[in-house]
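Taking it in order: structure first as structure tokens, then the write-up.
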Amino acid sequence: MTGSKADSGSEAPPGLLLDLDGVLVDTRPVMERAWHAVQEAHGLGVPFAAYQEHLGRPFDDIMGRLGLANAVEIHRTYTEASTAAAHLARAFDGITDVLLAVAAAGWSLGVVTSKPLLRATPLLAELGCPFATVRGPGGQGRGKPAPDPILLALIDLGTDPADATYVGDMAVDQEAARRAGVPYIHAGWGYGRPNGPSPVVAESPRELLHLLGVITPPASFIEGGLL
């Protein structure tokens, strides 16, 4: 899927960047509970499905697209409810084994997410993977679908766009990768559908290994594991 450092002349290893929600961790139960808290606290009739449609964008951007003016108060309620429900999040089956195999093959790993780092960091710690960079909102640059967070993550890794791959599950992820000049793989197990032109789709975490050209011995995976 992506060129090696030998192909490009780059001294840095290839980089794999991934979104968090819907790619690494199933946080839908957390988000649903938090949005229901928002509905009750602020008397909103906007369904969770409408909120989910815009996942991947900065929270303020989503509020604007939903026509909600009091974004600061809503975000406060959402954050409190999300933190309280964080225990409902679960890593997707097989994703940790896949990431460890990719890292063992010499790739650098990074995360590009629209989730605030205060809530993202504990979830990533549960995966036990060597992420070299984590880029979220509140720092430099614009949020997705702008290419800024992907490019900043690549600067952190010292990796060229041509030597990297971004894995996401929403149309904004696909657009951000395109604008950053980074090859994109759509996580078919995630929450959203790809946008045209049709990207490469991985139907399961383990399929990422094939698409990335990472070869691992069968012993690297638990027999009978769900990948």
Taking every alpha carbon pair in the chain and sorting the distances into 5 angstrom bins from 0 up to the bin holding the longest one, the percent per bin comes out as 1, 7, 15, 19, 20, 16, 11, 6, 3, 1, 0, 0
Please compute the alpha carbon radius of gyration of segment 1-128, then divide it by the globular-protein estimate 2.2 N^0.38 Å. Two decimals is fine.
1.26
Dimensions (Å) - segment 106-227, Cα atoms, principal axes, largest first
43, 34, 27
Taking segment 132-180 and dividing mean pair separation by its residue count, relative contact order in percent (alpha carbons under 8 Å, at least six apart):
42 percent
If we restrict to alpha carbons, what Rg and Dmax does segment 43-115 come to, in Å?
16.5, 51
Order these peptides, 122-133, 95-106, by their mean beta-carbon neighbour count within 10 angstrom, highest first.
95-106, 122-133
Which residue fluctuates the most in the chain, going by a Gaussian network model with Cα springs under 10 Å, if the choices are Gly136, Gly64, Gly213?
Gly64
Placing each pseudo-label 7 Å from Cα in the direction of the beta carbon, Leu117 and Val200 end up separated by a distance in nanometres of 3.0 nm
Between Glu73 and Ala12, what is the label-to-label distance in nm when each label sits 7 Å out along the Cα-to-Cβ direction?
4.4 nm
What spacing in nm lies between the two simple spin-label points modelled at Leu44 and Ala84, each 7 Å away from Cα in the Cβ direction?
1.6 nm
Compare Leu151, Leu55, Leu44 in a GNM of the chain, Cα atoms joined below 10 Å, and give the one with the largest fluctuation.
Leu44
Please report the carbon-and-sulfur percent of the accessible area for the chain; probe 1.4 Å, protein heavy atoms only, DNA, RNA and ligands left out.
53 percent
Suppose R0 equals 25 Å. What FRET efficiency, 1/(1 + (r/R0)^6) with r the Cβ-Cβ distance, do Asp60 and His36 give to the nearest 0.05?
0.75
Kindly work out what percent of the DSSP beta bridges joining two residues of segment 2-154 are antiparallel, to the nearest 5.
20 percent
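The values are calculated or read from the model by the stated rules, or taken from the named source; none is laboratory data. Note that the structure is a prediction, hence the values are computed from the model and not measured. So basically every Cβ, Gly included, is an ideal-geometry build from the backbone, and we count neighbours across all protein chains shown. Protein only, heavy atoms only, side chains kept; ligands, DNA and RNA dropped before computing areas. Shrake-Rupley method; radii C 1.70, N 1.55, O 1.52, S 1.80 Å.
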